[in-house]
There are 2 protein chains.
Amino acid sequence: MRDHGKDTRGWLNVVGLGPGAEAMITPEVSAVLAEATDVVGYVPYVERIPPRPGLTRHGSDNREEIRRAEQALRMAADGRRVVIVSSGDPGVFAMGAAVFEAVESGEPAWRELDIRVMPGISAMLAASARLGAPLGHDFCCINLSDNLKTRALIEKRLRLAAEADFAMAFYNPRSRARPDGFARALDVLRETCGPQRLIMFARAVSTPEESLRVTTLADATPDMADMRTLVIVGSSLTRRIARNGAPWVYTPRSTPGAAP
Amino acid sequence: MRDHGKDTRGWLNVVGLGPGAEAMITPEVSAVLAEATDVVGYVPYVERIPPRPGLTRHGSDNREEIRRAEQALRMAADGRRVVIVSSGDPGVFAMGAAVFEAVESGEPAWRELDIRVMPGISAMLAASARLGAPLGHDFCCINLSDNLKTRALIEKRLRLAAEADFAMAFYNPRSRARPDGFARALDVLRETCGPQRLIMFARAVSTPEESLRVTTLADATPDMADMRTLVIVGSSLTRRIARNGAPWVYTPRSTPGAAP
């Protein structure tokens, strides 16, 4: 790690806070938060950082990613120690890509800033851990929001992922602004994967509101997901282990036909 | 979290140690390691846990996953506090799936054991963070090892992933036992993605031996990867930002044709 103590220039760290629990924030992220002068992010994530003297918290609305990234870059260029906070991991449908979009289209001097990305526990891996190991074999990760891509592309990817027999993790399955997109995704999945395929809904993992549900595509309904839900669909080999309490779900490491 | 202090029954935690740096181990993982009586895992991962009185470290060889899982389950059933350690995240091509395979095929009583999985910083997300944000849009994650699946299936998945225009993260690209598999994968990728597609090699991320390389499929050679290398191939939209020092690489959040 850089020696912050001797560094009088500004810097920008783009960090992941994990899915919610304090105990899932890595020590390297806690360390830069302790040295920051400014924390920037979507309001509910910024509010996860306790106020302290010398720290300014800049909360902004959702869908303001580029403006937020530019604000952070300007402050770092002005010599401030800036942390952009994302939930989960900053590189997975979060502020990482937005920051580099802003760097590429922004002031040439921004390219030479001290910018670092620090990974976090992604919602997908936290959800998978709570359920067992449903992503234990090849998988894909798709953002179901059609804010930034067409529905045709989402549907194409779902069909190809099913053909590849990937397990699938879905971010942003459902919002009030587009209530029917997830219903359509479930239709495509039922058609391509069959009604008995396992589907899992992991909501607000590691927070007091956590809830988990394991069912099949036949029984899945759009209202089982909201914007705090991470959805996982198993591959054709994903299995459920019955037990007292919630079942375990896992995808075996081997596929049929593999050498012994 | 369970109250370990009052719990006299055994338990099993399957945890991720992250890619190598101590500062990327989550506090919840450090906490269970401090309470464990036994740590089980592949030798180099077990050696990351410092010895202490009251802790027995059980290192085993690679490819011994099921036997190792059964050993851990037996000890937990005997009332011991057991941690299985994986590098990265336990749910991504690591011990998570092996443990549940052993549970399903093992003693019925094992299903009622206190088993928990604790996520870690996966190699893929750590590598992505070091490079910028190459997994900032839809992506897939494929284990290139043909130990547990056929080469035909690997090649099929590579072709479908290319058609879906996913960014791709590859685990286990290359080993001495199968030197030509990665060469074949590069051929398939060149054919499906074209020679100018970006490819990144991230070796031993967050350790003193860390090295990063950003190049194109045209210039990629099999010897750029070994078993400690995480390989990322960009989507058709993945971009490189030139600057003094290593370039940033990111995949934009939007695709062409998306609503503004």
Consider A:Thr255 carefully, then state whether it is farther than 30 Å from B:Ser145 by Cβ and not charged (D, E, K, R). no
Among the helices (runs of 4 or more DSSP H) lying completely within the range B:80-192, list those that include at least 1 residues that are of a type in the set (Asp, Glu) and at pLDDT 95 or above. B:95-105, B:151-164
Can you tell which of B:Arg197, B:Arg239, B:Arg253 is in contact with a Phe, Trp or Tyr (Cβ under 7 Å, 6 or more places away or on another chain) and of a type in the set (Lys, Arg)? B:Arg239
Matching residues in the range A:93-125 - criterion: being surrounded by 24 or more Cβ atoms within 10 Å (Cβ to Cβ) and either more than 9 Å from every other protein chain (Cβ to nearest Cβ) or out of contact with any helix residue (DSSP H, G or I) (no Cβ under 7 Å at 6 or more places or on another chain) (or both): A:Phe93, A:Ala94, A:Gly96, A:Ala97, A:Phe100, A:Ala123, A:Met124, A:Leu125
For the range B:229-257, what are the residues that are at pLDDT below 95 and surrounded by 15 or more Cβ atoms within 10 Å (Cβ to Cβ)? B:Arg243, B:Arg253, B:Ser254, B:Thr255
A:Gly59 is checked against (1) touching an Asp or Glu at 6+ places or on another chain (Cβ under 8 Å); (2) within 14 Å of chain B (Cβ to nearest Cβ) and fails just one. What number does that condition carry? (2)
Could you list all residues from the range B:202-260 that are acidic (Asp, Glu), more than 14 Å from every other protein chain (Cβ to nearest Cβ) and within 30 Å of B:Pro44 (Cα to Cα)? B:Glu209, B:Asp223, B:Asp226
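Residues checked against (1) touching an Asp or Glu at 6+ places or on another chain (Cβ under 7 Å); (2) at the interface with chain A (Cβ under 10 Å from one of its Cβ atoms); (3) closer than 29 Å to A:Met95 by Cβ:
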| site | (1), (2), (3) |
| --- | --- |
| B:Asn147 | no, yes, no |
| B:Ala162 | no, yes, yes |
| B:Asp165 | no, yes, yes |
| B:Met200 | no, no, yes |
I'd like to know if the range B:66-73 contains one or more residues that are more than 10 Å from chain A (Cβ to nearest Cβ) and closer than 26 Å to A:Asp89 by Cα. no
If you go through the range B:89-96 one residue at a time, do you hit one that is outside the structural domain of B:Ala204 (by TED's automatic domain parsing) and on the phi > 0 side of the Ramachandran plot? yes
Check the range B:76-84 and report whether any residue there is surrounded by 15 or more Cβ atoms within 10 Å (Cβ to Cβ), within 14 Å of chain A (Cβ to nearest Cβ) and within 17 Å of the chain's Cα centre (by Cα). yes
Residue that is farthest from the other protein chains (Cβ to nearest Cβ) [pool: residues in the range A:133-145 that are in contact (Cβ under 8 Å) with a residue 40 or more places away in the chain and out of contact with any Ser or Thr (no Cβ under 9 Å at 6 or more places or on another chain)]: A:Leu144
Failed condition for B:Lys149, given (1) crowded, with 20+ Cβ neighbours inside 10 Å; (2) without any contact (Cβ under 8 Å) to a residue 12 or more places away in the chain; (3) over 18 Å from the mean Cα position of the chain (by Cα): (3)
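The values are calculated or read from the model by the stated rules, or taken from the named source; none is laboratory data. Because the structure is a prediction, the values reported are computed rather than measured. Every residue, glycine among them, receives a Cβ derived from its backbone with ideal geometry; neighbour counts consider all protein chains shown.
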